[in-house]
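The values are calculated or read from the model by the stated rules, or taken from the named source; none is laboratory data. The structure displayed is predicted, hence computed values, not measured ones. Here the Cβ positions follow ideal geometry from the backbone for every residue, glycine too, while neighbour counts run over all protein chains shown.
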Amino acid sequence: MGLNLTQKIIKEHLISGSMESQSDIEIAIDSTLTQDSTGTMVYLQLEALDIDKIKTKCSVAYVDHNMLQTGFENADDHLYIKTVAGKYGIHFSRPGNGICHQVHLERFAKPGWTLLGSDSHTPTAGGIGSLAIGAGGLDVAVAMSNATYSMVMPKVYNIVLKGKLNPPATAKDIILYILGKLSVKGGVGKVFEYSGEGVKTLSIPERATITNMGAELGATTSIFPSDERTLEFLKLQGREKDFVELKADDDAVYDESITIDLSKIVPMAACPHSPDNVKPISELEGTKITQVAIGSCTNSSYRDLTIAARILKGKKVHPDVSLVISPGSKQVLTKLSMSGALKDLIDCGARILECGCGPCIGMGQAPETNGVSLRTFNRNFEGRCGTKSAKVYLVSPETAAVSAIYGKITNPTILGEDVFKDIEEFSYVNDNMILTPEENPSKEVIKGPNIKPFPLNTPPGDIISKKVVLKVQDNITTDHIMPSGASLLPYRSNVPYLSNFCFSPIDPDFAKKCKENDGGFIVAGENYGQGSSREHAALAPLYLGIKAVFAKSFARIHKANLINSGIFPLIFKNPSDYDEINVFDEIEIKDIAGQLKNGNTIIAADKTLGKDIELVLDVTEREKEILLCGGYINYMKSRRGK
Ligand code: SF4
């Protein structure tokens, strides 16, 4: 039986586990990427892992998210990332060089390589044939330290493309069509693998638009074969030596499959407030708009911005519209200036932003109250643009550009055929904003006052004797545990400061109680830790000395974050014990390692109540070891014998 492309790459990188779908596997990681928003924590974790140099073949640290320097915090983060990158042998892409996914596709991604990135749109590199996966920061730090990653063997979903797009339909419309069909939950646990004769009609930037927004399907990743179009792209980048041909075997087997006829795709939009709320543009025509934003890691290639410039050439942006352009990379911006397309964009009245994420995460250019924004981006969740009342539509550059002229959602089918004539690509490469480890050999890691060391736990020891410092109800979210928001965001690399706000929506004295009692235990109801995957919701309690949470049940991702932090997630064997335990009860757990040798039950003595409480540790053997080491970083260090 033949293998599909995903299986081939995994097989080549398999370290342990079976290729059966849903089994636990460990694979070799060739490369990693980080962006600054998640990167500071990743590099604090890397430092805590206590290694000399990274073990991956190539790792890159980008600064593209938080580039506004309205205070010292972001600038300090950038300097920290630059110096830590130099110390460990990581490439550093300077602020202004571009968005991590666009630059990575141009300069680093290789067909057949594995890539792990601390950003959910890492699968963009699947457009060039990499197996590119977005992961938590700690996973990326560990991958840099030992070049491996543990995951579940995914199911592989085959999307067969036939025919050819008819302009003005674009690659963006293909992925919007798929999102409308399969929904934002349609890809969980799956890799979307593209095949069929329609593949060769798509360029690498077009394929990358599709794999980028595969993240919106909830997929593990998406991947295209590597073919003559891949070679063409790599030649333009001066990287033809990185080319290898890759495709599925003719008799490859897939878990699921659909066929899409590209000739039937029409211009579409994802309507507020979800990327799968998709409608054809023909049903939305005439909707008044106040902002158009072209760019982001989804649609800011040279081709995307050149077609926008062609449409806008000699025209004027509508008086009620603000048009902003965020080029994906310095390479793209330079090429636009060389071809003259930049002049056309400036002439029509566009506001040119620096190469970075910018408006995509509300870092500037938030629309006005009740504004309607048409964006070529990948997400339109309520409030993400920085204005809660704004309505964001996701569209192609063609639809965005023509709508900017008319001040309302406009179908690009009204444009004459000439606009869609082939765009001639040319080669221009200048990597002077990428510092190689050799050019940036920092010995000293510079940490401004806002950057504090990663908090490390310790193994549990013979007796854990602490008080219950908090008792909460069912359905506590990670937002309750560690609130986010604009005022706390600049402190993502300062866990000691953030911890002062831990549980503040429920008990503003929580941090004080922990400090007065030298840590403690938390008692909770059902579904503890639901909501966002925020790692800080485990790190802040770790910093405050929380040793275990006793709950009726846990949300999956938060439970994993607690384990990584060395905090025991313990489930009441008798849920009625929850009712009896009170805040400030003295609890003693003896010889937790010894108790776990005989199974997964732990006896905790409630000295205040004078009774034993039975708790269950529902984890894998590996997770048990992580907990007994005092967290994932200590576990990794013990495996290396450090
Ligand atoms: Fe994330 Fe937007 Fe930046 Fe892409 S452009 S990496 S989606 S913030």
Applying the selection to segment 131-140, what residues are within 16 Å of the ligand (Cβ to nearest atom) and either outside the structural domain of Ala219 (by TED's automatic domain parsing) or in contact (Cβ under 8 Å) with a residue 60 or more places away in the chain (or both)?
Ala132, Ile133, Gly134, Gly136, Gly137, Val140
Considering only residues that are assigned to a helix (DSSP H, G or I) and more than 20 Å from the chain's Cα centre (by Cα), which ones fall in segment 86-106?
Gly86, Lys87, Tyr88
With the structure loaded, tell me whether Ile99 is within 15 Å of the ligand (Cβ to nearest atom), modelled with pLDDT of 95 or more, of a type in the set (Val, Ile, Thr) and out of contact with any helix residue (DSSP H, G or I) (no Cβ under 7 Å at 6 or more places or on another chain) or whether it fails that test.
yes
For Ala248: the one exception among (1) crowded, with 16+ Cβ neighbours inside 10 Å; (2) assigned to a helix (DSSP H, G or I); (3) not acidic (Asp, Glu)
(2)
Residues that are under 27 Å from the mean Cα position of the chain (by Cα) and either touching a residue at least 60 places away in the same chain (Cβ under 8 Å) or away from the ligand (no atom under 16 Å from the Cβ) (or both): find the strands (runs of 3 or more DSSP E) completely inside segment 252-326 holding 3 or more of those.
256-261, 268-270, 291-295
Can you work out which of the residues in segment 3-40 that are without any contact (Cβ under 8 Å) to a residue 40 or more places away in the chain and surrounded by fewer than 16 Cβ atoms within 10 Å (Cβ to Cβ) is farthest from the ligand (Cβ to nearest atom)?
Ser16
Which residues, counting only those in segment 332-379, are within 16 Å of the ligand (Cβ to nearest atom), closer than 25 Å to Val429 by Cα and part of a helix (DSSP H, G or I)?
Val332, Leu333, Gly358
Is one or more of the residues making up segment 213-227 within 16 Å of the ligand (Cβ to nearest atom), closer than 17 Å to Leu161 by Cα, in contact with a strand residue (DSSP E or B) (Cβ under 7 Å, 6 or more places away or on another chain) and not in a strand (DSSP E or B)?
yes
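Results for (1) assigned to a strand (DSSP E or B); (2) in the same structural domain as Glu47 (by TED's automatic domain parsing); (3) touching a Pro at 6+ places or on another chain (Cβ under 7 Å); (4) surrounded by 24 or more Cβ atoms within 10 Å (Cβ to Cβ), shown as yes or no for each residue.
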{"residue": "Leu115", "(1), (2), (3), (4)": "yes, yes, no, yes"}
{"residue": "Val142", "(1), (2), (3), (4)": "no, yes, no, yes"}
{"residue": "Met151", "(1), (2), (3), (4)": "yes, yes, no, no"}
{"residue": "Asn158", "(1), (2), (3), (4)": "yes, yes, no, no"}
Restricting attention to helices (runs of 4 or more DSSP H) lying wholly within segment 578-642, give those where 2 or more residues are without any contact (Cβ under 8 Å) to a residue 12 or more places away in the chain and more than 39 Å from the chain's Cα centre (by Cα).
none
Cβ-Cβ under 6 Å, sequence separation 6+ or interchain: first residue in segment 61-74 and more than 19 Å from Gln365 (Cβ to Cβ), partner away from the ligand (no atom under 16 Å from the Cβ). Which pairs?
Ala61/Ala85; Ala61/Ile90; Ala61/Phe92; Glu73/Asn450; Glu73/Pro490
Which of the following residues is touching a helix residue (DSSP H, G or I) at 6+ places or on another chain (Cβ under 6 Å) and farther than 27 Å from Pro496 by Cα: Ile581, Ile602, Ile563?
Ile602
Considering each of Ile307, Ile311 in turn, give the residue that is in contact with a Phe, Trp or Tyr (Cβ under 9 Å, 6 or more places away or on another chain), farther than 30 Å from Lys11 by Cβ and crowded, with 16+ Cβ neighbours inside 10 Å.
Ile307
Would you check if Ala85 is crowded, with 23+ Cβ neighbours inside 10 Å, away from the ligand (no atom under 15 Å from the Cβ) and more than 25 Å from Glu12 (Cβ to Cβ)?
yes
Taking segment 390-409 and the residues there that are under 11 Å from Asp173 (Cα atoms) and of a type in the set (A, V, I, L, M, F, W, C), the one that is surrounded by the fewest Cβ atoms within 10 Å (Cβ to Cβ) would be Val395
Do the conditions hold for Leu138, that is, is it buried (at least 23 other Cβ atoms within 10 Å of the Cβ), farther than 24 Å from Phe233 by Cα and in contact with a Phe, Trp or Tyr (Cβ under 7 Å, 6 or more places away or on another chain)?
yes
Is at least one residue of segment 120-129 away from the ligand (no atom under 16 Å from the Cβ), assigned to a loop (DSSP other than H, G, I, E, B) and crowded, with 24+ Cβ neighbours inside 10 Å?
yes
So Val152 ticks every box in (1) at pLDDT below 95; (2) in contact with a helix residue (DSSP H, G or I) (Cβ under 7 Å, 6 or more places away or on another chain) but one. Which box is left unticked?
(2)
Every listed condition ((1) polar (S, T, N, Q); (2) in contact (Cβ under 8 Å) with a residue 60 or more places away in the chain; (3) assigned by TED's automatic domain parsing to the domain that holds Ile567) holds for Thr458 save (3)
